[in-house]
1. With the convex hull built on the Cα atoms of segment 376-467, state its orientation-averaged projected area in nm².
2. With the other protein chains left in place, how much accessible area per residue, in square angstrom, belongs to the chain at a 1.4 angstrom probe?
3. I need the Kirkwood Rh of segment 269-427: take the reciprocal of the average 1/r across all distinct C-alpha pairs and report it in angstrom.
4. Against the globular-protein guess of 2.2 N^0.38 Å, express the Cα radius of gyration of segment 448-508 as a ratio, rounded to two decimals.
5. Thinking of segment 189-341 as a set of Cα atoms, what percent of all their pairs are more than 29 Å apart?
6. Hey, which aspartates and glutamates would be in cross-link range of residue 493, C-alpha to C-alpha under 19 Å, not counting anything within fewer than 8 residues on its own chain?
7. Going Cα to Cα from residue 396, which lysines come in below 18 Å? Please leave out same-chain ones fewer than 8 positions away.
8. Rank by packing, highest mean first: peptides 382-394, 85-97, with packing defined as the count of other Cβ atoms within 10 Å averaged across residues.
Amino acid sequence: TRLKEGLRSQVSAALKEGRVTPTELCQRCLALIKSTKFLNAYITVAEETALKQAEESEERYKKGQPLGVLDGIPVAVKDNFNTAGIETTCASNMLRGYVSPYNATVVQKLLDQGAVLLGKTNLDEFAMGSGSTDGVFGPVRNPWSYSRQYKEKSVPKPHSEDKESNWVITGGSSGGSAAAVSSFTCFAALGSDTGGSTRNPAAHCGVVGLKPTYGLISRHGLIPLVNSMDVPGILTRCVDDAAVVLGSLAGHDPKDSTTIQDDFKPFELPNLTDVSKLSVGIPKEYHAPGLSSEILALWSKAADLFKNAGAKVVEVSLPHTRYSIVCYHVLCTAEVASNMARFDGLEYGHRSGMNESTESMYAATRREGFNEVVRGRILSGNYFLLKQNYEKYFVKAQKVRRLIANDFVKVFRSGVDILLTPTTLSDAAPYLEFIQEDNRTRSAQDDILTQAANMAGLPAINVPTALSERGLPVGLQFIGRSFQEKQLLTVAKWFEKQVQFPMIQLEEVKRQDNGVFQHQKSASFS
């Protein structure tokens, strides 16, 4: 079967050979978006501009001058990246109706490569959350809720009205992008990752989620949450595709002073045959409270897989991991409080009709524009930054952050090449169960295995590994050395090949599909 082949060998080849045109590909994806509308993965579908971009791509292919591997490939972008001419809402009333005058650098780079932008995907409001359930456009549904694998395993509730509420969450905050890739409506999508917001939904939706090294990809035009941790993330259906997208996005951007100065050379991933020179670290602290026995067993199995293939597998310690979630909470809310100050109702976004005084207008605008989660984080952050608390909380958290980053440095200096950990504590929770707990509690639990990589600025990737007993995807995470994306992705690709993660069987998609598209269901642009 050619289903598991990547993008470069497949869709790109099909486009070059004329077996499918960019317009046909775009139309099929748009039709799929319509037929999977119930997933609520997209906030805005840019049908007209997408078809126009596809036509332009078609002209280039006719002349035999495609711009690269991504030319004519349908992609989606999380709705916290600015897109000129297409609304950017951050799933908030504060920015509903806002159209940015410019493209985020990553969006511009995709368009410069000829990619076709289908639309903007759903998220937690201002990317604060781990379920994609808290945006003003409603929650995103996990495509696996409608897969044959899940339906066969899930016991229908006795009450018929519960049939509709059996669906599970996508994880977050980039849940729309993960659902879009998982349900075949696009070939790659951009997310953002501040504490795990790309890897978490990737794990729950059975797709690859890459968080690059901080500074490798420009943040210009990504509406900031936590400037010192935010990174644009990449969601694809296979590791090779993530490498292709990374190659077109990475590198210095004069508009973002935190990006690397050197040029980035795109790479093709080698097929690793010999892992005997590899040293894989298993951090014992990641055996966290609440880790399901199922995921623990899978993690051990994966470690054995490396060991049996000749790799050196060693238990390592990252002693400050247990403080990291608290430290993350302090730093995250402090930066959020600072970043959210720009939404004052004066320059852009929502403005309240309250006009007794400037202060009352500010207050009413922010009360009407932000949901409780955002307001709560702003309040916490401002509390930590109060003059009497600044040293006690913010400065102390910065010091702990340095210790956490140093833990990783020490482990990598000891000769370990890559770390293997779980991505999430369990498989995806049913929506009705997930919303029983408040956003802060949920985020603290769900970010526990992912946020340390953000605090240390390291590259990390979720690789779909197996299906749980409930028929839902479970992923494992690889954390690499700083700027060693090639090594990280090469190991991830080897692992992906070993585990042979099953294809989602979506009845809705089958009905839509025919012909050549059947061959490109999995990954298929690299």
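1. It is 8.1 nm².
2. Working: 20830 Å² over 526 residues.
Ligands and nucleic acids excluded, the figure is 40 Å² per residue.
3. Details: mean 1/r = 0.0515 Å⁻¹.
Computed over Cα pairs of segment 269-427, the Kirkwood hydrodynamic radius comes out at 19.4 Å.
4. Normalised by 2.2 N^0.38 Å, the Cα Rg of segment 448-508 equals 1.31.
5. Result for the distance tail: 29 percent.
6. Qualifying aspartates and glutamates at Cα under 19 Å: 5, 240, 241, 268, 274, 304, 417, 485.
7. Within the straight-line limit of under 18 Å, residue 396 reaches these lysines: 387.
8. Order by mean packing, descending: 85-97, 382-394.
The values are calculated or read from the model by the stated rules, or taken from the named source; none is laboratory data. The shown structure was predicted, so the numbers you read here are calculated from the model rather than taken from an experiment. Please note: Cβ atoms are built from the backbone with ideal geometry, for glycine as well, and neighbour counts cover all protein chains shown. Side chains included, ligands, DNA and RNA excluded: accessible areas come from the protein's heavy atoms. Shrake-Rupley method; radii C 1.70, N 1.55, O 1.52, S 1.80 Å.
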